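The values are calculated or read from the model by the stated rules, or taken from the named source; none is laboratory data. Just so it is clear, the model here is predicted, and its values are computed rather than measured. Cβ placement follows ideal geometry from the backbone for every residue including glycine, while neighbour counts extend to all protein chains displayed.
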């Protein structure tokens, strides 16, 4: 396992329960970061995954929101998603945060994200 985390962010971290944890980021990407030593193929030939392990915190999430109740996603696997939730403040990972059309005091992150459907913010 490397001393420096080979990814900037990770949405699908798989970590051991040890302290500190040993983590692998299972995010599917078109190109692995330059810091990744072992970049392997996925089922889809256009996607790759960094197979490096890192000892410690897997780092921040990549998607532009932490959770989403109203996700609009493509049917691809993994999907491309947008979140149309109206929030008080967009997540720090959101690049384009605009006022809601229906409620200007609320905000909507209009970024698209390629990866797993985000978790819900409120339980069903």
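For the stretch 23-55, give me each residue that is more than 17 Å from the chain's Cα centre (by Cα) and outside any loop (DSSP other than H, G, I, E, B). Result: 39, 40, 41, 54, 55. Every listed requirement among (1) under 17 Å from residue 5 (Cα atoms); (2) surrounded by 15 or more Cβ atoms within 10 Å (Cβ to Cβ) is met by residue 47 save one, (1).
So which of 61, 110 ends up being on the phi < 0 side of the Ramachandran plot and at pLDDT 90 or above? Being on the phi < 0 side of the Ramachandran plot and at pLDDT 90 or above holds for just one of 61, 110, which is 110.
Go through 23, 32 for me and flag whichever is at pLDDT 95 or above and touching a strand residue (DSSP E or B) at 6+ places or on another chain (Cβ under 6 Å).
23
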